Structures are given as C-alpha cells and as structure tokens.
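The structure under discussion appears below in the form of structure tokens.
The values are calculated or read from the model by the stated rules, or taken from the named source; none is laboratory data. A quick note: this is a predicted structure, and the numbers were derived from the prediction, not measured. For neighbour counting, all protein chains shown are included, and Cβ atoms are generated from backbone atoms with ideal geometry for every residue, glycine included. Accessible surface areas use protein heavy atoms only, side chains included; no ligands, DNA or RNA. Shrake-Rupley method; radii C 1.70, N 1.55, O 1.52, S 1.80 Å.
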Amino acid sequence: MHYFSTNRRSPHASFRDAVLNGQPDDKGLYFPSEIVSLTHDFLDELHDSANEKIAFDVIRPYVGGEIPDDELFEICRQTVDFDFPLVELTDSISALELFHGPTLAFKDVGARFMSRCLRYFAAQRKQKTVVLVATSGDTGGAVAAGFHGVEGVEVVILYPSGKVSNVQELQLTTLGGNVTTLELHGTFDDCQAIVKRALADDEIRSRHHVTSANSINIARWLPQQFYYFYAIKQWSGRPPVISVPSGNFGNLASGILAHISGLPVKKFIAACNANDVVPRFIRTASYEPRPSVATISNAMDVGAPSNFVRILEIFEHDFPFLINKLEADSISDETTAATMREVYAQCNYILDPHGAVGYRALADHIERHPDEKGIFLETAHPVKFDSVNEIIGTAGEVPAQVADLLTKQKQSTPVENDYDEVRKVLLSKL
Ligand SMILES: *Cc1c(COP(=O)(O)O)cnc(C)c1O
C-alpha cells in the first residue's frame, strides 16, 4: 500500500511519510493506492466482533506493516475505548452517537488514532515533532486531548478569541503540559492563515519537525471508517441510508470508503447547512467553492471543503456512479432549530445543531422513500454548543467530562492577529 497525491505531482509516500508530511507538496491530498476489499467472513462476523478488533482489521492493510501488529492493535484499542451507541428515535430513524469520547465529538477518534501513530513514529526520530492546529472549536479540543502527554510531541493551538463556546474554550485551555494555547484577536480564517505561514517558515522548520493535525491527515481520516462498521454491527434489516452532517467532508468520505470496502449501505446523504457547495454540485455537476457563511452548525461552515476531492477520487471521478450513491441536502438555520424543537418534543431527544442537520436531511429523504430506514450521525454532544440551550431551553444532562472541566482554570496566551508576534511566541515556547 502506498499513498499518491490527488494532484498527482508529488511522489508517492508510505503510510509513515504520509502521516508525518500531512499534505503532499503539490497541495493535493494523500489517497491510498488501493481501496481494501473486506472479506465475507469479516462482514458476516461483524455483529459478534469486538470494536477494537474491527478497527484493527479495517486499518491494518492501510498501515502496510509500518507499525507492528501488536502495537497497532493497542493503538486501535485505545482509540475506540468508549461507546458508539446506535439509538432508535423513530421506526425509521436512528442516531449513531459519536460524542462519548473525551471531548464529546467524533473528531476524538481521528485525533486519538493520529496522536498515537505520531508517538510511535516520533520515538524513532531525534527531532521533536511540533503539531500546529487552528481551530474553530471541536478540532482543537480533540487534538489537544489526543496529544496531551504524548512524549516527543509539542502541540500549539490557535483559536479565535470569543468565537468558541465556553465548553470548547475550557477543553482547549485547561490541559497544560505539552499543549500550548494561543488566543488570537481575530477570526478562525486568521488563525488558519497564521498556521499555514508557520508550517512553511524556514526558521521554525529548521529547528523542529512541524506538522498539522487537521482533517486532511490520513491518520485522522482513515480511522473515521471505524464507527460506520459499529453502526452496521448494531443494525438489523436491509442496508440503511446514512446521513452525515458535513463541512470539510472528511467524515462522509470515510463512510463512503468503508462502503466501497464492502460495508452494506443503501445510500449516503451529505447533510449540509447553508454552505451548499456540494448540494449544488450534485444538482448541476459543477463544483464551485465559495466563501463560507456563518450558521448555528458552525463546525460545518466551510465554503471550499478540502476532503471533497477524496470523494471524487473514491468514485473515480464518475458522476453517474457518484450520484447513484450520494444525495445531498442544504438545511437552513430556521429549519435546523425547528427540527431540534420538534425532535425534543416528539422523541424527548436533544439534538445538537450539527446532528439536527443530519436528522432533517434523513427525515426528508424518508418522507420521499417511505420504505427506507436510516441512520444519522450525531457528531457532537449538545452541551458543547451554547445555542442548544437557547433553542430548546436545556442541553440535557451535563456529562462527567464537562462537569470536571468547569472546575478548571483557563490558561492561554493572548496574541494579536500578527504573524511576527505569533512567530516570536512560537519560537520562545518551542
Ligand atoms: C467537524 C464537525 C463536522 C463536520 O465534519 P467534516 O468531516 O468536516 O465534514 C460536523 N459536526 C461536528 C460537530 C464537527 O465538529
């Protein structure tokens, strides 16, 4: 197994080099040379298999022997060391809850797997590895928690001051140790621009191995297949339709990859908010990125989804093949909020705004196809978003992870939106 760049100008990379590089120099995305076909035995035994065993079997061919089996099994065991329950809300709609990890969002899975791979690879190198991340909320928390205490790795997180929720901010700023958090007076886009410059900064690069932990890294992307298998493990009956709340499209691309490998799924729905580049593409076959617009499902406010190219790659750039398997829908904030109220009233279930987009797109699909049943991904816990309380009047029971956070003290370094200032702070901290 090797990884090629979707732009096809950079050289092929092994799993290890693709993980350490993050992104090929030609600015494409790494993509596996082969999509694995899972055996009938594996799929037949899914219902009785342990989650860590499923994870190991799914990821092993992609790692291609670059992490020894016993080590890889342990990485998988630690990565999926929490629950992934499938909860039935109506006769035809179930929620796959992906928020039982340490930072209450699906990104925990990819971040935990990637941090443990990097720990393994960093142990073989002399240089310290520095992971730089810009976050609009969920990514930073998952990455900080995933890498906290990992030897040989320093993490620096940039977040836009005042633009993440209270819970998200505490998740970013209370770990300490090898996690440094910079609170930038600017927007998420400013944070991202500074991270990009720092990743290309010769002086920083000459001192350390610097990499990013954003969702384009294959060590975050590939393990997101795991929980699609856990969904089917808990499912009985004909293959479900799966609706995925989508922003950068990494999560959806992982699910489709699992399906091409043999996982039985009737169809996927790309559930989007007002950022509707992909729904437009499905309608018109023309892909036109545009600036993002702000919504209440803000983790999905992406106008140029970076992982979409992986979806094209999986479908071999064959549009009829793609639309046979993939539908897309765009849900407004008003409809999202109305859905949250409706599902709370009718099912006594609290959706977060991202899950609500997934629910609505699925419910609308099933209204058009009443003989089908489906699953939507509940991508984060409602307590992470201040809007849930405003819309429903409660965000439900406070999970232990959050109760614990609320007792802690925020530690962050305020910085201006100025590359030279951030650079100075970076060089002094590392
Ligand atoms: C990141 C995120 C998404 C979007 O996932 P992509 O892989 O970027 O499409 C959806 N919901 C929540 C809660 C997220 O944090």
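Out of the residues in segment 283-323 that are out of contact with any helix residue (DSSP H, G or I) (no Cβ under 6 Å at 6 or more places or on another chain) and charged (D, E, K, R), which is surrounded by the most Cβ atoms within 10 Å (Cβ to Cβ)? Here the answer is Glu313.
Inside segment 36-71, can you point out the residues that are within 17 Å of Pro264 (Cα to Cα), open to solvent by 50 Å² or more (accessible area, probe 1.4 Å) and not small (Gly, Ala, Ser)? Matches in segment 36-71: Thr39, His40, Asp41, Asp44, Glu45, His47, Asp48. Taken together, the residues in segment 309-335 that are within 16 Å of the ligand (Cβ to nearest atom) and of a type in the set (Lys, Arg) amount to 1.
Could you tell me whether segment 324-332 includes any residue that is modelled with pLDDT of 95 or more, out of contact with any Asp or Glu (no Cβ under 7 Å at 6 or more places or on another chain), over 21 Å from Ser92 (Cα atoms) and open to solvent by 10 Å² or more (accessible area, probe 1.4 Å)? Yes; the residues of segment 324-332 include at least one that is modelled with pLDDT of 95 or more, out of contact with any Asp or Glu (no Cβ under 7 Å at 6 or more places or on another chain), over 21 Å from Ser92 (Cα atoms) and open to solvent by 10 Å² or more (accessible area, probe 1.4 Å). With the structure loaded, tell me whether Glu203 is in contact (Cβ under 8 Å) with a residue 40 or more places away in the chain, assigned to a helix (DSSP H, G or I), among the acidic types (Asp, Glu) and buried (at least 22 other Cβ atoms within 10 Å of the Cβ) or whether it fails that test. So Glu203 fails the test. Within segment 387-406, is there a residue that is under 30 Å from Pro239 (Cα atoms), open to solvent by less than 10 Å² (accessible area, probe 1.4 Å) and either modelled with pLDDT under 95 or away from the ligand (no atom under 15 Å from the Cβ) (or both)? No: zero hits. Scoring Gln192 on the criteria (1) at pLDDT 90 or above; (2) part of a helix (DSSP H, G or I) leaves a single failure, condition (1).
For segment 345-386, the candidate set comprises residues that are β-branched (Val, Ile, Thr), touching a Pro at 6+ places or on another chain (Cβ under 7 Å) and more than 9 Å from the ligand (Cβ to nearest atom); within that set, the residue that is least open to solvent (accessible area, probe 1.4 Å) is Ile375.
Residues that are in a loop (DSSP other than H, G, I, E, B), among the aliphatic types (A, V, I, L, M) and either open to solvent by less than 20 Å² (accessible area, probe 1.4 Å) or over 21 Å from Pro223 (Cβ atoms) (or both) within segment 1-31 comprise just one, Leu29.
What do you reckon, is Leu175 under 20 Å from Tyr419 (Cα atoms) and surrounded by 17 or more Cβ atoms within 10 Å (Cβ to Cβ)?
Working: under 20 Å from Tyr419 (Cα atoms): no; surrounded by 17 or more Cβ atoms within 10 Å (Cβ to Cβ): yes.
Answer is no for this residue.
Evaluation of Asp81 against the conditions (1) over 30 Å from Asn348 (Cα atoms); (2) among the charged types (D, E, K, R); (3) not in a helix (DSSP H, G or I) shows that the sole unmet condition is (1). Of the helices (runs of 4 or more DSSP H) contained entirely in segment 212-308, those carrying at least 1 residues that are touching a residue at least 12 places away in the same chain (Cβ under 8 Å), on the phi < 0 side of the Ramachandran plot and within 12 Å of the ligand (Cβ to nearest atom) fall at 218-221, 250-260, 277-284. Any residue in segment 178-190 that is under 17 Å from the mean Cα position of the chain (by Cα) and touching a residue at least 60 places away in the same chain (Cβ under 8 Å)? No, segment 178-190 contains no residue that is under 17 Å from the mean Cα position of the chain (by Cα) and touching a residue at least 60 places away in the same chain (Cβ under 8 Å). If you go through segment 123-149 and keep only what is open to solvent by less than 10 Å² (accessible area, probe 1.4 Å) and away from the ligand (no atom under 15 Å from the Cβ), you end up with Thr129, Val130, Val131, Leu132, Phe147.
Among residues of segment 354-370 that are over 17 Å from Ala105 (Cβ atoms), those with a Cβ under 7 angstrom from a residue that is outside any helix (DSSP H, G or I) and of a type in the set (Asp, Glu), sequence gap 6+ or separate chain, pair up as Ala361/Asp329; Asp364/Asp329; His365/Glu327; Ile366/Glu372.
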